[in-house]
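What follows is a single structure, written as structure tokens, with notes after it.
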Amino acid sequence: MFSFLGRLPLDRIALVLLALVCLVAAGLTWLADHPEHDPRAPLTLDQPEGWATGLKLAALRDDAKACAAFLERSAISPEILPATGDGACRREDRQQLAAVSALGFGLRPSTAQTTCAVDAAFARWLRHGIEPAARAHLGQGVARIEHMGTYNCRRIGGGEEGSWSEHATGNAIDIAGFVLEDGTRVTVLDDWEEESGGKAAFLHAVRDAACGPFATVLSPDYNAAHANHLHLDQARRTMGATACR
């Protein structure tokens, strides 16, 4: 480029440089108006999906301070719990799941101990996945979310060998179903393949929506072991890669 500029008269060079400056300024202004596409702009709860969203979500899994800052910006104040456990099941990052109640939903059982990354992902999933899907497919909002727990000191598949599950450190949660505002219950076990009424469409939509904020999403489409729940975890992977099945 510099050799090209060297062949131009000075006035043309000035015009080219001015055009470049204007282009950069316009780009920065556009990014300021669209922070979802700007990797430098902090992720917020209401920020829509954008080019940089995946990178920002991955950062919450890898950076405890960034995760805590996201929850603070979202007016979510979890109860931080002391570390516990030993070996592969040592839980240094441990807090009560706070996103559900903070955003006005119920949880059953009423408490769940998770990592900050799970809490943060749950907040994004509620705002951008669960509630819109319920309105679109079922015509009403969700009142309560039913889960099957977060912590279980075991290996994947429950055997004596193999990789440790993300449940071993509370970095996962299993979702069994949802209760709507009118009391209707929608469960993964009973309604995943239901063909009318919108329940199956809702469950598939929330599964797909979870694939953004969570690193791993496993559903009944994956295998029989997940016939009654959606497994969601925040496993750390290279370059923020995710698995959605």
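The values are calculated or read from the model by the stated rules, or taken from the named source; none is laboratory data. This is a predicted model, so every value here is computed, not measured. As a convention, Cβ positions derive from the backbone with ideal geometry for all residues, glycine included, and neighbour counts pool all protein chains shown. Side chains included, ligands, DNA and RNA excluded: accessible areas come from the protein's heavy atoms. Shrake-Rupley method; radii C 1.70, N 1.55, O 1.52, S 1.80 Å.
A few comments on the model shown:
- Charge context of A133, other residues only, Cβ under 12 angstrom, K/R +1, D/E -1: +2
- Accessible area per residue was computed with a 1.4 Å probe on protein heavy atoms; I76 scores about 10 Å².
- Kirkwood Rh in Å, taken over the stretch 57-117 so that all alpha-carbon pairs contribute: 12.4
- Overall, the stretch 129-235 carries a charge dipole of about 220 debye about its Cα centre when +1 sits on the Cβ of Lys and Arg and -1 on the Cβ of Asp and Glu, all other atoms neutral.
- Amide proton proximity set for R144, modelled H, under 5 Å, gap of 5+: G106, V179
- Largest to smallest in accessible area, the residues D63, D38 fall in the order D63, D38 (1.4 Å probe, all protein chains included).
- Distance between the pseudo-spin-label points of E193 and H37 (7 Å out from Cα toward the beta carbon): 4.3 nm.
- H204, H231, H137, reordered so the largest accessible area comes first (probe 1.4 Å): H137, H204, H231
- Sum of side-chain charges, A83 neighbourhood, beta-carbon under 10 Å (Lys, Arg +1; Asp, Glu -1): +1
- For the chain, the longest principal axis of the Cα atoms and the long axis of helix 116-125 meet at an angle of about 80 degrees.
- Cα-projected label distance for D63 with E49, points at 7 Å along beta-carbon direction, nm: 2.3
- Considering only GluC sites (Glu not before Pro) in DSSP loops that have at most 15 other Cβ atoms within 10 Å, the longest stretch of the chain without any of them is 93-159.
- Think of each Lys and Arg Cβ as +1 and each Asp and Glu Cβ as -1; about the Cα centre, that makes the dipole of the chain roughly 680 debye.
- Amide H contacts of A172 (H built 1.01 Å from N, under 5 Å, at least 5 apart or other chain): T115
- Accessible surface, 1.4 Å probe, highest first, among residues L103, L10: L10, L103
- Computed from phi, the 3J(HN,Hα) profile of the stretch 84-90 under the Karplus parametrisation 6.51, -1.76, 1.60 (θ = phi - 60°) reads 7, x, 9, x, 5, 9, 5 Hz, with x in place of Gly and Pro.
- Neighbourhood net charge (14 Å Cβ-Cβ; Lys/Arg +1, Asp/Glu -1) for T111: 0
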